[in-house]
Structures are given as C-alpha cells and as structure tokens.
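The values are calculated or read from the model by the stated rules, or taken from the named source; none is laboratory data. Model, not experiment: these values are computed from the prediction. Note that we place each Cβ from the backbone using ideal geometry, even for glycine, and neighbour counts take in every protein chain shown. Calculation scope for accessible area: heavy atoms of the full protein, side chains included, ligands and nucleic acids excluded. Shrake-Rupley method; radii C 1.70, N 1.55, O 1.52, S 1.80 Å.
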Amino acid sequence: MIGNVRIRRALTLVALVLVGAGLVTISYAPPRRGEAELAEPVMQPRPSTTWAPLPTRADTSRLGPAATPDLQVLHSAILAGDLTSAELLWEALQNSGPDQQTGEMLLAGARVALLREDAREAESRAWAAIGIEPQNAEAWSFLGVVLRAAGDAELADQALAVATVLEPNLADRLFSDRWALAVAQGVEPHLANLAEAYASMHPGSPIAPYYRSQALLAAGETLAAIELLVDGIQQHPDSPALIWYALGEAYLARSGYREAAVAFDVAAALLARGDTSLYQASPNPLSDLNSRLAESYVHSSRCAEAEDIARRLLAARPDLGALVEQAVICQTPTPTPTAWIPTPWIPTPQQ
C-alpha cells in the first residue's frame, strides 16, 4: 500500500513537470485531515523599549473554544522554535472549521511536524497542501526539502523542478539543492543540464566552469574538464578556490599528481585568506581539501608532508589510514642488492 502511494506521487510529479506552468489540477488525492503544510514564517517586530519584557513563547491564552487562532502567530512560533505553542496553535487551527483548511495552513502544519523532527508527517502534510493548491511553488519547494532529508533524491529533485517551473524566480535559490541531489544520484545528463542552466542564469560567472567541469568529469571527459578550467582561470586570474579545487580533482582523475598538488596548494592558500567558495563543493571543505592534498603529495615525492596532513586528519577520517601507511612506506628506502662488491678472498692453507 505504501509502495503504491509512493508510485502515485512519483507519477504525479512527472506529470506536473511535463505540464509545467499550465497545470490546473492534480491527480493525487490529498491525504486525510490532519496533514498540514507550512508557510514561510513572518518575523514579528520586537518592542523598541529595552526595559519591556520580551515574550519567551507565543501567547496562546486567548485560544478558547470560540477563538480563531492567528496563522501569523503560528508562523512566529515556528520561527522562534517554540514547539509547544506551535502545536497548540496548529491544533486550534485544525479544529477551527473546514474553511480554514487552506494550503498555507497545511504548509504551516508541515513545518510544525518538521520542527518536531517527524519527516514522514511533514511530507504527508506537504502533499495535503499541494492537493489543495497544486500551483503553490513554496509547497513544492518545501516537499523537495523534506524528501531530500528522507533520502529520496530522485523525488526530491522532481519536486524542486516543479517549484522552479511554477515560479522561475526560485530557480537560482534552489540550484544548489538540485545540484547536490543530482550529484547524489550520479546522473550525468542531469548534471550537464544543470551546469548549462547555471551558465545561462549567470553568464560570465567565474563559478560557472566548476559546474561544467563536474559534469564533464562525470562523463569521463577529464581532459576536456582540465582545458575548460584552465581557460576559465586564464579569463579570470582571480578565480576562487572552488575553481582551483576542481582543477586539482581533474588532474587527480588523470593521475597528474604534481599538477594536482599545485592546484590544491593554490586552493588552500585562497581558503586561508577567507575564500568560502569551497562550501559549494563540500560541507567540510577543510577536511576534503587536505585529504586531496595528502593524496597528491604522496604520489609526487612529498611523502613526509602527506603523512603529516593525513595523520592530523586521521582521528576524524579513519578512512585515511591506508594513505598514512602509504606515506610512511614511501619514506622508507628500499634495500638494493650490491652485486658489484667482490666476495672476500680467503686463502686456503697450503698442503
């Protein structure tokens, strides 16, 4: 039964991508009541007087049987991380009547579920919101985030694609999420399409060669990736660390270890100066860059440096144990036979 629901949702996503901005209806039946969706939280202005006491949680005292909760108050509770008040407000909204079952209210409920780390309920309420408002780009975007957290990369990317079709202005903001999902899936044509889309959205950007080079590397075109990145660096001598890092990876893919070491050294110098572009390639750029440096060093006769780097990373990266061992071995001279030394002559006693 769960599998059928997932298949039906996947087919719905594909259909919506094909229909694009012209979609009017949705074939997926919204989940049962109790599944809600989250709208973007709205920050409430704080009192200007510094002596006035600031509330620590949303005021829910007025929510009696006949009171209608304020959706904006719910947004504020979500934004403040006040789970107790958010759940009380959400329940009050649910009980306020069927006319309150809007996409915005259901999306708010999905955010409440995500706040209590219930991804399954958040996904269900997001689907409910989409069932009511199938053209709500924010709901599709939120669904993509939830699906990505659940590890469903393919469906998550489809949801984000629908969001960008419905609201093209979201394309730039959602690009990094879609790129990460495409990398996780390892689908080379999808990477190529996204790389070209980024180049179209940001013509002349010094970052664009990074995405194009990654698509080329995924397709096995390492030499083309190197040429692309070198050309980009020549056009932009102040290229960020991300481009030099990508160049190092491309050289590593062709076993060009000395060239890779030079590229990674430049990336490391830029990172040390405050360049943050490497976060577009890795959530932990310092660790990844250092491991790449150690790998390139150990293959370019810089074994002591490789060992030093790898040992410092070993506590957090036990996978580098083999690299440490390799760096130690390459510093140990290999004994060679000395056949040219004559055998000592020992006189024999005369008869």
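Do we find a residue being hydrophobic (A, V, I, L, M, F, W, C), open to solvent by 20 Å² or more (accessible area, probe 1.4 Å) and modelled with pLDDT of 85 or more anywhere in region 179-192?
Yes.
Select from region 105-129 the residues that are of a type in the set (D, E, K, R) and either surrounded by fewer than 18 Cβ atoms within 10 Å (Cβ to Cβ) or closer than 12 Å to PHE142 by Cα (or both) and list them in ascending order.
Correct list: ARG111, ARG116, GLU117, ASP118, ARG120, GLU123, ARG125.
Just checking, does region 282-294 include any residue being in contact (Cβ under 8 Å) with a residue 24 or more places away in the chain, surrounded by fewer than 20 Cβ atoms within 10 Å (Cβ to Cβ) and in contact with a helix residue (DSSP H, G or I) (Cβ under 7 Å, 6 or more places away or on another chain)?
Scanning region 282-294, I find at least one residue that is in contact (Cβ under 8 Å) with a residue 24 or more places away in the chain, surrounded by fewer than 20 Cβ atoms within 10 Å (Cβ to Cβ) and in contact with a helix residue (DSSP H, G or I) (Cβ under 7 Å, 6 or more places away or on another chain), so the answer is yes.
Give all pairs with beta carbons closer than 6 Å in which a residue from region 137-159 that is of a type in the set (A, V, I, L, M) meets a residue that is outside any helix (DSSP H, G or I); count only pairs at least 6 apart in sequence or on separate chains.
Cβ pairs passing all conditions: ALA137/GLU167; ALA139/GLU37.
Which is buried (at least 18 other Cβ atoms within 10 Å of the Cβ), farther than 18 Å from ALA281 by Cβ and not aromatic (Phe, Trp, Tyr), of PRO134, PRO209?
PRO134
Residues to consider are LEU242, LEU216; find the one that is open to solvent by 30 Å² or more (accessible area, probe 1.4 Å), modelled with pLDDT of 90 or more and among the hydrophobic types (A, V, I, L, M, F, W, C).
Selected residue: LEU216, the only one of LEU242, LEU216 that is open to solvent by 30 Å² or more (accessible area, probe 1.4 Å), modelled with pLDDT of 90 or more and among the hydrophobic types (A, V, I, L, M, F, W, C).
Pick from ALA261, ALA224: which is part of a helix (DSSP H, G or I), modelled with pLDDT of 90 or more, more than 24 Å from the chain's Cα centre (by Cα) and closer than 22 Å to GLU188 by Cα?
Answer to the check: ALA224.
Quick one: count up the residues across region 193-206 that are open to solvent by 50 Å² or more (accessible area, probe 1.4 Å), assigned to a helix (DSSP H, G or I) and either small (Gly, Ala, Ser) or within 20 Å of LEU155 (Cβ to Cβ) (or both).
2
With the requirement that a residue be farther than 19 Å from ALA129 by Cα, buried (at least 19 other Cβ atoms within 10 Å of the Cβ) and modelled with pLDDT under 75, what does region 70-104 give you?
Scanning region 70-104 gives ALA77, ASP82.
Return only the number of the condition from (1) over 24 Å from LEU181 (Cβ atoms); (2) small (Gly, Ala, Ser); (3) part of a helix (DSSP H, G or I) that ALA246 does not satisfy.
ALA246 satisfies every listed condition except (1).
Among the listed residues THR332, THR336, THR348, THR343, identify the single one that is open to solvent by less than 90 Å² (accessible area, probe 1.4 Å) and either modelled with pLDDT under 90 or small (Gly, Ala, Ser) (or both).
Selected residue: THR332, the only one of THR332, THR336, THR348, THR343 that is open to solvent by less than 90 Å² (accessible area, probe 1.4 Å) and either modelled with pLDDT under 90 or small (Gly, Ala, Ser) (or both).
If a residue must be part of a helix (DSSP H, G or I) and within 17 Å of TYR251 (Cβ to Cβ), how many such residues does region 207-221 contain?
8
Is there a residue in region 310-318 that is open to solvent by 70 Å² or more (accessible area, probe 1.4 Å), at pLDDT 90 or above, under 28 Å from LEU242 (Cβ atoms) and part of a loop (DSSP other than H, G, I, E, B)?
Within region 310-318, not a single residue is open to solvent by 70 Å² or more (accessible area, probe 1.4 Å), at pLDDT 90 or above, under 28 Å from LEU242 (Cβ atoms) and part of a loop (DSSP other than H, G, I, E, B).
Is it the case, given these coordinates, that ALA126 is under 23 Å from VAL73 (Cα atoms) and either at pLDDT 85 or above or among the aliphatic types (A, V, I, L, M) (or both)?
yes
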